[in-house]
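Chemist: Below are the structure tokens for one structure; questions will follow.
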Protein chains: 2
Amino acid sequence: MKEINIAILGLGTVGSGVYQIIEDNRDQIAHKELLQLRIKKILSRSYHLDIPEEKKVANIQDILDDPEIGIVIETMGGIEPARTYVIQALHAGKTVVSANKQMIANYWPEIEEAAKKTGAGFYYEASVGGGIPILRALDDSLQANMMYSIFAIINGTTNYILTKMTSEGKDYDDVLKEAQQLGYAEADPTADVEGFDAMYKLSILASKAFHARLPIEYIYREGISHITKQDIQYASDFGYVIKLLAIAKREKDNIELRVHPTMIPQTHPLANVRDSFNAIFMNGSAVGDVMFYGRGAGALPTGSAVLSDVIYAAHTCQHRYSTFENTKNFISPILYFEDNWTCPFYIRLNLLNVPGVLAQVTKQMGDYGISILSVIQKDAKKDEATIVFLTYPAKEKDVQKAVSDFKKMSVVKEVGAVIRMEN
Amino acid sequence: MKEINIAILGLGTVGSGVYQIIEDNRDQIAHKELLQLRIKKILSRSYHLDIPEEKKVANIQDILDDPEIGIVIETMGGIEPARTYVIQALHAGKTVVSANKQMIANYWPEIEEAAKKTGAGFYYEASVGGGIPILRALDDSLQANMMYSIFAIINGTTNYILTKMTSEGKDYDDVLKEAQQLGYAEADPTADVEGFDAMYKLSILASKAFHARLPIEYIYREGISHITKQDIQYASDFGYVIKLLAIAKREKDNIELRVHPTMIPQTHPLANVRDSFNAIFMNGSAVGDVMFYGRGAGALPTGSAVLSDVIYAAHTCQHRYSTFENTKNFISPILYFEDNWTCPFYIRLNLLNVPGVLAQVTKQMGDYGISILSVIQKDAKKDEATIVFLTYPAKEKDVQKAVSDFKKMSVVKEVGAVIRMEN
């Protein structure tokens, strides 16, 4: 039986999960996979688990210099010193398994370069969607497809917040506070609620799916902190829910990438993805629509993905690397930025309740070529009315121009919300 | 670049899809996978596609004797002659990729035996869930998990029928007729609507997930032909939908396997799996809940799965085989049959509208230890009332005894429906 000696860098939540799974399943893995997994060395700032002293090491060199260690698991998070250690390990010919989305999104080419030099493997299933086996599916199950689109719920914190706002009719601030108390949101929630975390993951996911390196600078990003319970209620009245979606679309060589709150129909499979669950909904040339759902975070689910990489790498006779077509001049993606994409919009305006106001507003939209699918009046008071429009697919830039004009119109008291939609 | 010479057996729907995908994506696959796929020979009773004459062969021997052919794709369906050809190909040292659930469910050990003898590969991703990459996920992504349960919608025809009955309030017979006209159901729909197709797939899926060979004889099977629009409406009133589920549960060494109509909450991720889509919802020790959704049939989705096997097999340096623990005395599953399992039930009775009738019926249920969660009276007429019960989890055998007693009671006009529930 093949013995695999492993080093773990960073024994936080995910690292501890990995340790636990290996300890609990060693016999089962040996029986099923014919692999003896052995955690030989651990480098960590602190140890919450009871770890035998002889496994603890004080510096990375101890791991790099150990010829027995074949696989290094990086579960430190953050960019440094993770990046330096990972590259050193690859240079030392050790296969690296990482869960570090921020590091990969930022330094992928450099890391793969190091891996290729020594023929070591670099695996990162856990970096997107936690326990959901999405990257392997793109590599080993959907190879015969040209992928056209991705719609992904890949941040558990924001999905939890939006789910609670929807099911309990609560305000954003109240739910965020609850989520922080329950440990579902960080004390500084910016990385989650403003869409940075989803952006890192989308960069990795879309790069894999489209075989083109798509760095984070190419991604439009907007968080959920401006979403109100009022808009969630109106969305529901129209048969929609609001989710923070990471969206990637490809049409020939045009690629658009965006992370923002999105209204989707209640009947869409993504609509039933609740609480902190994640899901990735994709469309491919042969497979059609396909969706992967599961826990996007947590010690054991993420550990499950890390272990899947460890076992996969141990069975592989030749590691493979990314097929970024643009680095090989196969295609040069032309990116669609904010100015170019098209989607239906939900627009909520607070208007003065005077004759002719609706005509003024709709004329303005018509002038920009924005067609209205549906309009309802909500909460009309004596001198003020809330009007909600759903539009047909319109150009983002035309909607932004119309909104900018609305803000100057005396009959418009407030542009309450502008939310993109997908069907 | 590695060249892979392929033979296709059977050019029906799936075989044609495979042919089309290879022809359309040859360059992309060569670029991304560094594999040159070449369809060298095709054996088929008829050819709906325009196939070059030199590729057509008249008998299997032509393929078996060709040393260039490395991979044989079996898309004939049915048991014979598929089984004989597959075993001959494996004996000839050729890797076989099959989409044939009926053959695999029935002759899996014999087929794997033949593969092991020559070291050839045997792959069958397309046999369960069409384009959904579920078997590979169990092999290569969830290896570190002990799988506890599977709830699967793996028959598109029945899901289409139940979706239409739900959304349009139509009767089973009318929707079946429509489905037959649209080509979603066969002229003889028995294999689908009576759950045979789902049973074959569950046998393969659960065997993989639990690492124990679980033949079809171990599976309880019940179809959807007795489901009425009335029960679908009542289910909806309670917040449930009715789906034909393939269920597998494992608790230590106890395994239960069943295919039957099941009420699940409208908020469950499986509830939004509509029309002919399939989905497999599972729970594992590390990953927790995970779901895979997509097209369970059709030329291109199933072809996508076949191609994924072809490319995977071409990259593999050593083929691996099933790890059926019971064939290795690792565990001997103790099967839970109808007599043993427990679940909540939906029971609809038509009762005479006389004083004390509800007391009589509920006393009977209480005597068998069946506790009632909820009861509603529907459509009460002058002399007759429809009563619907939802029970707490109860033993199947106790419910069957109670139902048998109801049928003898003079106040019970009819036992309208008994439907199992899952949460």
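Chemist: Among A:ILE247, B:ALA313, B:THR323, whose Cα sits farthest toward the positive end of the charge dipole of the protein assembly as shown (+1 at Cβ of Lys/Arg, -1 at Cβ of Asp/Glu, about the Cα centre)?
Modeler: Positive-end residue among those listed: A:ILE247.
Chemist: Find how many whole Å separate the alpha carbon centroid of region B:347-423 from the alpha carbon centroid of region A:277-291.
Modeler: Rounded to whole Å, the Cα centres lie 43 Å apart.
Chemist: In terms of Cα to Cα distance under 28 Å, which lysines are near enough to B:LYS363, apart from those fewer than 8 places away along the same chain?
Modeler: Within the straight-line cut-off, B:LYS363 pairs with B:LYS378, B:LYS381, B:LYS382, B:LYS395, B:LYS397, B:LYS401, B:LYS407, B:LYS408, B:LYS413.
Chemist: Taking the radius of gyration and the Kirkwood hydrodynamic radius from Cα positions alone, what is the Rg/Rh ratio for the protein assembly as shown, to two decimal places?
Modeler: 0.98
Chemist: Can you tell me which lysines have their Cα less than 16 Å from the Cα of B:LYS170? Leave out same-chain residues fewer than eight positions away.
Modeler: B:LYS229, B:LYS243
Chemist: Counting pairs on different chains as well as pairs 8 or more places apart, how many Lys pairs in region A:2-127 have Cα atoms under 14 Å apart?
Modeler: For region A:2-127, the number of qualifying lysine pairs is 9.
Chemist: Report, by chain and number, residues whose modeled amide H sits under 5 Å from the one on B:GLU384, excluding near sequence neighbours (fewer than 5 apart, same chain).
Modeler: Result for B:GLU384 returns B:ASN353.
Chemist: Given labels modelled 7 Å from the Cα in the Cβ direction, how far is it in nm from A:ASP253 to B:HIS319?
Modeler: Each label point is offset 7 Å from its Cα along the Cβ direction, giving 4.1 nm.
Chemist: Equivalent-ellipsoid semi-axes (√(5λ), Cα gyration tensor) for region B:58-129, whole Å, largest first?
Modeler: 18, 13, 11
Chemist: Hey, can you grab everything whose amide H is under 5 Å from the amide H of B:MET146? Only 5+ residues off in sequence or another chain; H modelled, so Pro and N-termini drop out.
Modeler: Close amide H contacts, sequence-distant or interchain: B:SER285, B:ALA286.
Chemist: Put +1 on the Cβ of each Lys and Arg and -1 on the Cβ of each Asp and Glu in the protein assembly as shown; which of A:SER16, B:GLY78, A:SER371 then has its Cα farthest toward the positive end of the dipole?
Modeler: A:SER371
Chemist: If I build a Gaussian network model for chain A, linking alpha-carbon pairs within less than 10 angstrom, which residue out of A:ASN254, A:ASN100, A:ASN155 has the largest mean-square fluctuation?
Modeler: Result: A:ASN254 has the largest fluctuation of those listed.
Chemist: Separate question: Return the distance in nm (one decimal) between the two label points of a simple spin-label model at B:SER225 and A:SER167, each offset 7 Å from Cα along Cα→Cβ.
Modeler: Computed distance between label sites B:SER225 and A:SER167 equals 4.0 nm.
Chemist: Separate question: Report ³J(HN,Hα) in whole Hz for each residue of region A:127-134, in order, from the Karplus equation J = 6.51 cos²θ - 1.76 cosθ + 1.60 where θ = phi - 60°; Gly and Pro get x.
Modeler: 6, 10, x, x, x, 6, x, 8
Chemist: Taking each residue in B:306-318, count the Cβ atoms of any other chain within 10 Å of its Cβ, then average. What number comes out?
Modeler: Across B:306-318, the average partner-chain Cβ count within 10 Å equals 4.
Chemist: To one decimal in nm, how far is A:SER410 from the same spot in the other copies, if labels go 7 Å from Cα toward Cβ? Please give the shortest first.
Modeler: Copy-to-copy label distances at A:SER410, shortest first: 8.5 nm.
Chemist: Return the single residue from B:ILE51, B:ILE311, B:ILE242 with maximal mean-square fluctuation; model: Gaussian network over chain B, springs between Cα atoms under 10 Å.
Modeler: The residue that fluctuates most here is B:ILE51.
Chemist: Shortest first, in nm, what separates the label point of A:GLU168 from those of the same position in the other copies (7 Å along Cα→Cβ)?
Modeler: Those label-point separations list as 4.2 nm.
Chemist: Another question about this same structure. Using only Cα atoms, figure out Rg for region B:224-268 and give it as a multiple of 2.2 N^0.38 Å.
Modeler: 1.38
Chemist: Still on this structure, please answer the following. Starting from a label point 7 Å past Cα on the Cβ side, list the distances from A:GLY93 to the same position in the other copies, nm, shortest first.
Modeler: Taking the point 7 Å beyond Cα along Cα→Cβ, the inter-copy spacings are 3.2 nm.
Chemist: May I ask for the angle, rounded to the nearest 10°, between helix B:156-168 and the longest principal axis of chain B, with both axes built from Cα atoms and the value confined to 0 to 90°?
Modeler: The answer is roughly 40 degrees.
Chemist: Kirkwood hydrodynamic radius, computed over distinct alpha-carbon pairs, for chain B: how many Å, to one decimal?
Modeler: Answer for chain B: a Kirkwood hydrodynamic radius of 23.2 Å.
Chemist: In whole Hz, what ³J(HN,Hα) sequence does region A:31-39 give by Karplus (6.51, -1.76, 1.60; θ = phi - 60°), x for Gly and Pro?
Modeler: Result, rounded to whole Hz: 5, 7, 9, 6, 10, 9, 8, 9, 7.
Chemist: Quick check of the Kirkwood formula: for region A:342-421, what is the inverse mean of 1/r over all pairs of different Cα atoms, in Å?
Modeler: For region A:342-421, the Kirkwood estimate is 12.4 Å.
Chemist: Going by alpha carbons, how many degrees (0 to 90, nearest 10) lie between the helix axis of B:82-91 and the longest principal axis of chain B?
Modeler: The two axes meet at around 40 degrees.
Chemist: Which Cys in the protein assembly as shown stand alone, with every other cysteine's Cβ at 4.7 Å or more from theirs?
Modeler: Flagged as lacking a Cys partner: A:CYS343, B:CYS343.
Chemist: What would the Debye equation give as log₁₀ I(q)/I(0) for region A:2-127 at q = 0.11 Å⁻¹, counting only Cα atoms as equal point scatterers?
Modeler: The Debye formula, applied to the Cα set alone, gives -0.34.
Chemist: So, one more: Go through region A:141-147 residue by residue and turn each phi into a ³J(HN,Hα) via Karplus (6.51, -1.76, 1.60, θ = phi - 60°); whole Hz please, and just put x for glycine and proline.
Modeler: Calculated HN-Hα couplings, in order: 10, 10, 4, 8, 9, 8, 7 Hz.
Chemist: Right, another one. Divide the volume of the convex hull of the Cα atoms of region B:134-295 by its number of residues and quote the answer in cubic angstrom per residue.
Modeler: Taking only Cα atoms, region B:134-295 has a hull volume of 108 Å³ per residue.
Chemist: Over 5 Å intervals from 0, what percent of Cα-Cα pairs in region B:86-125 sits in each interval?
Modeler: The distribution over region B:86-125 is 6, 30, 37, 21, 5, given as percents.
Chemist: Right, here's the next one. Whose amide H sits under 5 Å from the amide H of B:ILE4, counting only residues 5 or more places off or on another chain, with H placed in the peptide plane?
Modeler: Those qualifying (amide H under 5 Å, at least 5 residues apart or on another chain) are B:GLN36, B:LEU37, B:ARG38.
Chemist: In degrees between 0 and 90, to the nearest 10, how far off the longest principal axis of chain B does helix B:172-181 point, with axes built from Cα atoms?
Modeler: So the helix axis and the longest Cα principal axis differ by about 20 degrees.
Computed from the coordinates by the stated procedures, all read-outs in this text should not be read as laboratory data. Note that the coordinates shown come from a computational prediction; the quantities given were computed from them, not determined experimentally. Here Cβ is always computed from backbone atoms with ideal geometry, including for glycine, and neighbour counts include all displayed protein chains.
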